[in-house]
Amino acid sequence: MFQKLSIIFESIADGQRRARHFGSFRNPKNLIQDQAELQKDIHLIERALALPEPRRPFGVKPAARISAILERRGHQLPAALLAQADKALADLRAWNDRGVRPTETEVKFQGSLETFLASRRSVRAFSSMLQPSIEQLEEIVALASQAPSVSNTQSWKVRAYQQPADIEALLGLQDGNVGNSPIPTLLLVSVDIRSFTGGNERNQMWIDGGIFLQQLLLAIHAKGWGSCPMNFSATNNQAAKLRSLAGLADYEEVIAFVSVGETDKSIAPAASIRKPVGDLLVFASLPTSR
Ligand SMILES: Cc1cc2nc3c(=O)[nH]c(=O)nc-3n(C[C@H](O)[C@H](O)[C@H](O)COP(=O)(O)O)c2cc1C
């Protein structure tokens, strides 16, 4: 009984903190939210330019939002993000005015493993309906299962869908696939939350599931296939529809969908430029040791 109350109490505290700090949709209120909004609109443009058949012209609204944030925050924004915003707007103009797509970004890492890690990209344009075989999918999932998990619980599950009608029905519940090529194989990654106990492990499924998802993407890349992780950022109501459609148990949480197919090499993937390392890595010390 105490354990159940603890899970509920801790989850309410999580919810309260998220409600305090999450942004409101397309209505940023502080610098960090402005930066996130800017990043999302940049990505909206670069993602569209990586689709098989982008609309032309497109992008009036995201371009206007980008310009508004640049005007409001210009001098406060990191130089790298400013450069990215300028590039997205220039790429959009090149497409709308002349029908020219951006070229593929160069991988700047050395060494075969580093190049491999840095060259995985989300692929939204597939060149055929070729599917990985059962054996290939087994090899991919075996590699993915080398991911670490808390106490080695390995609570993951991958459902592989290869029937076009199934894929279409599932994608009807996914928000983020408009304009993609038809998807040859769709994976649904979930986690069995019965593996976890107590209020302290209430978020463990997202951590183990996220690590597994990344290893799965790298395994797909290692086997020469293209992939795109596809969100299932859903309310409980939306999740209930997917549970019912796909026969997912109440104890399964959906981590993401993943499309798999043959990369269309004639279409550059979205650049999705990364933040400078200095924005991520902080050499820290505790106030007490200073
Ligand atoms: C959990 C998750 C959900 C995502 N959902 C979508 C999606 O619904 N549609 C899409 O086109 N891309 C989606 N992406 C891909 C991201 O846009 C992409 O990973 C990011 O821009 C970095 O680019 P890269 O994967 O090419 O390195 C998702 C990525 C993650 C990790």
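For region 138-156, a tally of residues being at pLDDT below 95 and within 16 Å of the ligand (Cβ to nearest atom) returns 0.
When residues in region 157-183 are screened for being away from the ligand (no atom under 14 Å from the Cβ) and touching a residue at least 60 places away in the same chain (Cβ under 8 Å), 3 of them pass. Step by step: first the residues of region 238-249, then only those that are of a type in the set (Gly, Ala, Ser) and outside any helix (DSSP H, G or I), then the one that is farthest from ARG194 (Cα to Cα). Which residue is that? Among those that are of a type in the set (Gly, Ala, Ser) and outside any helix (DSSP H, G or I), it is GLY247.
On the stretch given as region 119-137, residues that are loosely packed, with under 14 Cβ neighbours inside 10 Å and within 13 Å of the ligand (Cβ to nearest atom) total 1. Cβ separations smaller than 6 Å between residues 6+ apart or across chains give the following pairs from region 75-88 residues that are closer than 13 Å to GLU46 by Cβ to residues that are not in a helix (DSSP H, G or I) and not basic (Lys, Arg): GLN84/ILE273.
Checked against (1) closer than 30 Å to VAL60 by Cα; (2) within 16 Å of the ligand (Cβ to nearest atom), ALA94 passes all but a single condition, namely (2).
Applying the condition of being outside any loop (DSSP other than H, G, I, E, B) and charged (D, E, K, R) to region 250-281 and asking which residue is nearest to the ligand (Cβ to nearest atom) yields GLU253.
Go through region 83-109 residue by residue and tally those that are of a type in the set (A, V, I, L, M, F, W, C) and in contact with a helix residue (DSSP H, G or I) (Cβ under 7 Å, 6 or more places away or on another chain). The qualifying residues number 7.
Scanning region 146-180 for residues that are among the hydroxyl-bearing types (Ser, Thr, Tyr) and either surrounded by 12 or more Cβ atoms within 10 Å (Cβ to Cβ) or touching a strand residue (DSSP E or B) at 6+ places or on another chain (Cβ under 6 Å) (or both) yields SER149, THR153, SER155, TYR161. Scanning region 92-103 for residues that are surrounded by 13 or more Cβ atoms within 10 Å (Cβ to Cβ) and closer than 21 Å to THR263 by Cβ yields TRP95, ARG101, PRO102.
For ALA19, the test of being over 30 Å from THR263 (Cα atoms) and either surrounded by fewer than 17 Cβ atoms within 10 Å (Cβ to Cβ) or in contact with a Phe, Trp or Tyr (Cβ under 6 Å, 6 or more places away or on another chain) (or both) is passed.
The values are calculated or read from the model by the stated rules, or taken from the named source; none is laboratory data. This structure is a prediction, so every number in the text was calculated from the model and none was measured. Don't worry about glycine lacking a Cβ; one is built from the backbone with ideal geometry, like all the others, and counts go over all protein chains shown.
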